[in-house]
Amino acid sequence: MPRGRSAGYELQQDSILQHAAELFATRGFQGTSMQDLAAAAGVSKALLYHYYKDKYRLLVAIAEGHIDRLVALVSAADRASDPLAALIARFVTEYASARAHHQVLVQDIKYLEANDQARIREKERKVVLAFAKAIATAHPRLGERQLEKPLAMLLFGMINWLFTWFRDDGSLDYAGLSALVTAFVEGGLSSAAETGQAAPERR
């Protein structure tokens, strides 16, 4: 019979992924070697290869693991009384604990092969559409004028880059930031709903 995984296998795998994400985030995918990754994770190269046959597999695991967690957050938010506020709060909180993973997804997805990139991009589209749906539900007039998706993209333009500037060691923590983003977005959406401009038709 084949041997099962050791009790610490998944813990070691998670540790390797976390160290790899941090290294890719700071050095970039191309600027990181398997030797660098092994040293950062505190394991031998032989053990690292036992978990991942090359750094490309690590990149796929980091990027897809992160987007899969975001898809799961979207599904959970559907059951909330205020889906849009729940989505914002959960995404800001997730980014707090996955800063490096998100940075890798943003900056290094270009190094993925076409099939891997397409699969992850499709999951990203599901996330964007979930935000668009929540916006249209909260503000039906925006949905009627087909503004929910452009506004969802504007929202992502705000929260997707939090990792580049926000630090929670000051007077504002992630919970406070989440409330601030929600208030900011809701105010802007309410104002946009009152205007009469529709999304321009594509030619």
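Read the figures in this text as sums done on the coordinates, not as results from a lab. Note that this is a predicted model, so its numbers are computed, not measured. Backbone-built Cβ (ideal geometry, glycine too); neighbour counts: all protein chains shown.
Some observations on this one:
- Per-residue 3J(HN,Hα) values for the range 79-85, derived from phi via the Karplus relation 6.51 cos²θ - 1.76 cosθ + 1.60 with θ = phi - 60°, read 8, 7, 5, 10, x, 5, 4 Hz in sequence order (x marks Gly and Pro).
- For the range 1-109, the list of trypsin sites (Lys or Arg not before Pro) that fall in a loop by DSSP and count at most 13 other C-beta atoms within 10 angstrom reads R3, R5, K53, R79.
- Under 21 Å from K45, Cα to Cα: lysines that are on another chain or at least 8 residues apart: K53, K55
- At full extension, A39 and L172 could sit 44.4 nm farther apart than now, given 0.36 nm per residue minus the alpha carbon distance.
- Under 14 Å, Cβ to Cβ, from K126 - net charge with Lys/Arg +1 and Asp/Glu -1: +2
- Kirkwood hydrodynamic radius (C-alpha pairs) into Stokes-Einstein, the chain, 20 °C and 1.002 mPa s, D in µm²/s: 114 µm²/s
- Relative contact order for the range 102-203, counting Cα pairs under 8 Å that sit 6 or more residues apart, in percent: 28 percent
- Total formal charge among the other residues, if their Cβ is under 12 angstrom from that of E22, Lys/Arg +1 and Asp/Glu -1: +1
- Between R27 and Y56, the contour length at 0.36 nm per residue exceeds the Cα-Cα span by 9.0 nm.
- Most mobile of Q146, Q18, Q30 in a GNM of the chain (Cα contacts under 10 Å): Q30
- Rounded to the nearest 20, the size of the Cβ-charge dipole of the range 1-140 about its Cα centre is 180 debye, with Lys and Arg at +1 and Asp and Glu at -1.
- Annotation: lysines with alpha-carbon distance below 29 angstrom to K133 (same-chain offsets under eight excluded): K110, K123, K149.
- Mean separation of Cα contacts under 8 Å, 6 or more apart, over the residue count of the chain: relative contact order %: 21 percent
- Pairwise FRET efficiency - A46 versus E122, Cβ, R0 = 30 Å, nearest 0.05: 0.25
- With K and R counted +1 and D and E -1, the other residues having a Cβ less than 14 Å from that of G176 yield a net charge of -2.
- Helical content alone sets the calculated 222 nm signal of the chain at -23000 deg cm²/dmol, taking -39,500 (n - 2.57) per DSSP H segment of four or more residues and averaging over every residue.
- In degrees, nearest ten, helix 99-108 long axis to first principal axis of the chain (Cα): 90 degrees
- For R145, distant residues with modelled amide H under 5 Å away: none
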